[in-house]
């Protein structure tokens, strides 16, 4: 979320969910996925990929908030690779 949007939320007293650490916040975010993103195991496959789990169901059930947040952002096309601290460039 752009910093100016975060500042707008703070100015109006809105609490910004901690999607990275809060499974309840991720549950609410997952409700925003389109039917196409939810069906066909697309989101579940992303979670399996992020968790490194061969069993999609197990990965989906046991994924942490952090793993769900990454899978969510990958599903909606908003994931940005973290910077490699040594080179300052994205991984991959």
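The values are calculated or read from the model by the stated rules, or taken from the named source; none is laboratory data. Please read these numbers as outputs of a predicted model, since none were measured by experiment. All Cβ positions, glycine included, derive from the backbone under ideal geometry; neighbour counts span all protein chains shown.
What the table shows:
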| quantity | calculated |
| --- | --- |
| Near pairs, Cβ below 7 angstrom, 6+ apart or cross-chain, from the range 48-59 (farther than 12 Å from residue 71 by Cα) to any residue that is at pLDDT 85 or above and crowded, with 17+ Cβ neighbours inside 10 Å | 53/59; 56/44; 56/48 |
| Pick from the range 52-80, criterion surrounded by 15 or more Cβ atoms within 10 Å (Cβ to Cβ) and more than 12 Å from the chain's Cα centre (by Cα), ranking: nearest to residue 30 (Cα to Cα) | 60 |
| Hits in the range 25-40 - residues which are outside any helix (DSSP H, G or I) and over 13 Å from residue 68 (Cα atoms) | 32, 34 |
